[in-house]
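Taking it in order: structure first as structure tokens, then the write-up.
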Amino acid sequence: MAEQDRARRFLLDPGATAWHSVEHQWGSGHLVTDRGGARWHAPVELRVVDGVIEADHTPLPGVRVEVRRFVHGGLLHERYSVVNSASTPLTITGLGIQTPFGDLYDGAERSLDRAVQNSLSDARGHLVLLVTDQARNPEAFGGRPVLRLAPGEAATVAWELGWYASVDDFTAATTPPAAFSAYAAQVGQPIVVEAPSVSSPDSGVTVERAAEGHYRVRASRHGTYPLDLGDGARTEALFHLPLEEVVRRRVAYITRNQRARERPGLLAHAFVPVDTRTGLTQSTNGWSDWTDGSERIAMPLLLQAAAARGVADPEQIDPLLDGWSRFARHHLLDETAAPRRGSQNWHTGPRLYDAPWPARFFHDRHRVQAGRRTSISPPASSNAASNSAAPATCPSVSRPRHWASAPAWRPPVSPTVRTATGTATGSAPTACGETSSRTTGAP
């Protein structure tokens with residue numbers, strides 16, 4: 001192990017992670033069957049023979065779970081077998097094995113030094129290998145299987161665990177079940193898959209054999225589709241509408257369903273989450289991802305980009321963006337201009353990766369508005385002296401406290417502004433634009 005990785009914890013530690021418990025120990029698991037549900041953990045019998053560890057569990061009458069572990073060639077080999085030891089058939093609709101890798105976010109520096117991933121949270125989440133979860137989520141990944149075992153029959157899952165110095169080393173040591181030309185394509189366009197065989201349980205997918213071991217996969221409608229590859233592997237591919245159509249539909253959905261019209265004052269200009277089953281918007285609660293900040297702040301960016309590229313009507317979108325920018329300045333930025341998780345979530349700290357989104361929004365908003373100002377010629381005057389370069393008179397604006405001593409921001413000379421029809425270059429914004437940019441939160 002490299003010196004810099006000596007602090008890394010590959011598995012969750014019950015002593016250091018409050019929500020991790022002994023029940024989630026590696027190799028424990030659960031079953032859901034037509035004879036009931038049960039978990040296994042402590043074995044009823046444990047044997048060690050010639051370096052091979054064998055553990056037997058009896059979670060249910062007539063059901064035995066046999067676990068076998070050994071190290072060979074620098075790899076840890078594990079095999080889990082569920083055996084129907086009764087004289088009647090067994091139906092399994094749930095089978096999961098705990099694999100509590102140290103996948104958690106516990107602060108940026110600590111996660112980089114100690115975790116093996118940080119896609120989960122510091123508050124919950126265990127990785128479990130679900131052989132099938134048909135009992136609880138039957139439609140997941142195109143449908144979860146039901147396992148049926150005759151008397152004396154077994155269902156077995158096995159894997160190898162290895163430790164590698166780099167991603168390249170890991171990739172070289174593995175053999176993927178398939179190679180894809182792409183994982184997403186427009187409806188009607190093919191994805192070429194190299195695999196021993198390719199099929200899909202969804203009738204909306206067509207699979208055409210192009211050559212030995214090569215298949216063209218197409219779909220007739222927008223959506224994600226399960227694909228079965230070779231001997232038991234399954235993945236998904238996306239077939240989507242043209243990008244402009246996707247954006248138009250998303251913009252229409254946001255403006256129709258995800259606005260907080262009923263709220264008072266500037267809060268009414270926020271975008272909020274919605275229950276897509278009922279159409280009811282989600283009010284603020286203890287979960288910071290379901291606020292009018294954080295996960296919503298990309299929505300005005302999308303609307304702004306769509307309007308700039310001619311995919312949405314600026315006359316409809318601009319008033320919404322003007323309202324949102326006023327709402328965001330007042331409710332989503334704290335006294336240091338750091339982003340809040342939401343307008344009501346004053347008690348939670350900032351989240352680092354929320355910061356680029358409002359910065360990008362106000363940056364682009366300023367450039368659009370500056371371009372509009374510089375494209376308007378001043379009215380003609382009969383006074384020759386008016387042709388001199390006298391500064392324009394700007395409206396009075398108030399600056400936030402935390403900008404009181406900040407140096408004046410200067411826009412670049414001749415900024416380049418991307419438009420729906422191409423790229424335009426104009427003169428620098430006026431002094432009014434500079435003052436306005438500070439009050440609108442531009443960088």
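Do we find a residue being farther than 25 Å from I317 by Cα, part of a strand (DSSP E or B), outside the structural domain of A158 (by TED's automatic domain parsing) and out of contact with any Phe, Trp or Tyr (no Cβ under 8 Å at 6 or more places or on another chain) anywhere in the stretch 236-244? No: zero hits. Of all residues in the stretch 70-88, those being touching an Asp or Glu at 6+ places or on another chain (Cβ under 9 Å) and among the hydroxyl-bearing types (S, T, Y) number 2. Per this entry, A305 is counted among residues that are part of a helix (DSSP H, G or I) and either touching a residue at least 60 places away in the same chain (Cβ under 8 Å) or touching an Asp or Glu at 6+ places or on another chain (Cβ under 9 Å) (or both).
Conditions (1) within 25 Å of D354 (Cα to Cα); (2) surrounded by 13 or more Cβ atoms within 10 Å (Cβ to Cβ); (3) of a type outside the set (A, V, I, L, M, F, W, C), marked per residue:
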position: L238; (1), (2), (3): no, yes, no
position: L241; (1), (2), (3): no, yes, no
position: I254; (1), (2), (3): yes, yes, no
position: V274; (1), (2), (3): yes, yes, no
position: R277; (1), (2), (3): no, no, yes
position: S288; (1), (2), (3): yes, yes, yes
position: P300; (1), (2), (3): yes, yes, yes
position: A305; (1), (2), (3): yes, yes, no
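Just one of the listed residues (T206, T255, T156) is among the hydroxyl-bearing types (S, T, Y), assigned by TED's automatic domain parsing to the domain that holds R277 and at pLDDT 95 or above, and it is T255. If only residues of the stretch 201-236 that are among the acidic types (D, E) and in contact with a helix residue (DSSP H, G or I) (Cβ under 9 Å, 6 or more places away or on another chain) are counted, the one that is surrounded by the fewest Cβ atoms within 10 Å (Cβ to Cβ) is E236. Just one of the listed residues (T93, T88) is surrounded by fewer than 19 Cβ atoms within 10 Å (Cβ to Cβ) and either modelled with pLDDT of 95 or more or assigned to a loop (DSSP other than H, G, I, E, B) (or both), namely T88.
Of the residues making up the stretch 127-181, those that are on the phi > 0 side of the Ramachandran plot and either in a strand (DSSP E or B) or not aromatic (F, W, Y) (or both) are G142, G143, G152.
Among residues of the stretch 67-91 that are in the same structural domain as A42 (by TED's automatic domain parsing) and of a type in the set (S, T, Y), those with a Cβ under 7 angstrom from a residue that is surrounded by fewer than 16 Cβ atoms within 10 Å (Cβ to Cβ) and part of a loop (DSSP other than H, G, I, E, B), sequence gap 6+ or separate chain, pair up as S85/G62; S87/P151; T88/P151; T91/D34; T91/V146.
The values are calculated or read from the model by the stated rules, or taken from the named source; none is laboratory data. Owing to the predicted nature of the structure, the values given are computational and were not obtained by experimental measurement. No Cβ is skipped: glycine too gets one built from the backbone with ideal geometry, and neighbour counts run over all protein chains shown.
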